[in-house]
Amino acid sequence: MGTLAGRPVRRELPQYFYRLPAHSQRTYLASDAIERYSLAPSAAARALAASLEHALEAASLAQVGDATRALAHELCRSFGVAAVPIEVRGARPHNVRGELHGVYYEPERRGAPGRIVLWMKTAKRHDVVKPRTFLRTLLHEFCHHLDYEHYGLPDSFHTVGFYKRESGLMQQLLPVPEA
C-alpha cells in the first residue's frame with residue numbers, strides 16, 4: 001500500500017487472488033506488505049556477486065556453478081537461514097510459453113530445504129546469459145527461499161512486495177554504475 005497526498009492507496013490485486021483460499025490470501029497480503037529486507041548483503045556477498053559475473057564471462061559451467069553456490073551460501077549466512085542447494089545447468093528448456101530461467105522447488109515438508117535450479121545459457125542460440133540477468137534470476141529464486149526460511153510464510157507468491165524485495169537485493173549486490 002502506498003500513499004497519495006498523505007492518504008493510503010490500495011493496489012489492484014490480481015484476479016487469481018480472489019480465487020485463493022482465505023489462508024492463502026492472508027499469506028499473499030503478508031508477502032505484499034514486506035517491501036524490503038531489514039538485512040543488507042555483506043561485503044563478501046557483493047564480492048561474490050562480482051566473481052559470479054567473471055565466471056559467466058568465462059562461460060564455464062563448473063565455474064558458474066561454484067560461484068553461484070558460494071554467493072548463495074554467503075547470502076544464506078548473512079540472512080541466518082538454512083543453506084539452499086543450487087544446481088546450475090547448461091541451456092535453458094523452452095516450450096511455446098518461452099524459456100525457463102530458473103525454478104525454486106518448495107520444501108516438501110516444513111523444515112526441509114528447498115532447491116534452486118538455474119540455467120546459464122539461452123535455449124535456442126546457447127549464448128551465455130548476461131551476468132545481470134543470471135544474478136537477477138538467482139535472486140528471484142533466492143527470494144522464494146527467504147519467504148519460507150526467513151519469514152516463515154507457508155507459500156511464496158509473486159506480489160508487488162516480492163518484486164520490490166528482489167529489486168532491492170539486486171541493487172545492493174550489483175549497483176547500476178552511474179553514467
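Every read-out reported here was derived from the displayed coordinates using simple, explicitly stated rules and does not represent laboratory data. Remember, it's a predicted structure, so these values are computed and weren't measured experimentally.
One Cα centroid belongs to the range 78-133, the other to the range 13-28; the line between them spans 26 Å.
When the helix-only estimate is applied to the chain (DSSP H runs of n ≥ 4, each -39,500 (n - 2.57), divided by the residue count), what is the mean residue ellipticity at 222 nm, nearest 500 deg cm²/dmol? Let's see the in-between values first.
Values: 5 runs with 80 residues, N = 179.
So the helix-based figure for the chain works out to -15000 deg cm²/dmol.
In the range 41-172, the alpha-carbon atoms span a convex hull of 103 Å³ per residue.
Amide H contacts of Ala83 (H built 1.01 Å from N, in plane; Pro and chain starts excluded): no residue 5 or more places away or on another chain comes under 5 Å. For the range 156-168, 3J(HN,Hα) computed residue by residue from phi via the Karplus equation (6.51, -1.76, 1.60; θ = phi - 60°) reads 10, 9, 7, 9, 4, x, 4, 5, 5, 5, 4, 5, x Hz, glycine and proline entered as x.
Please build a GNM for the chain, connecting alpha carbons under 10 Å apart, and tell me which residue among His101, His145, His126 fluctuates the most. For the chain, modelled as a Gaussian network with Cα springs under 10 Å, the answer is His126. Rounded to whole numbers, the Karplus 3J(HN,Hα) couplings from phi for the range 29-35 are 5, 5, 5, 5, 6, 8, 9 Hz, using 6.51 cos²θ - 1.76 cosθ + 1.60 with θ = phi - 60°, and x at Gly and Pro. Here the alpha carbons of the range 72-141 define both size measures, Rg and Dmax, at 13.3, 40 Å. Derived scalar couplings between HN and Hα for the range 130-146 equal 4, x, 5, 5, 4, 5, 4, 5, 4, 5, 4, 5, 5, 5, 4, 4, 5 Hz in order, rounded to whole Hz, by the Karplus curve 6.51 cos²θ - 1.76 cosθ + 1.60 (θ = phi - 60°), x for Gly and Pro.
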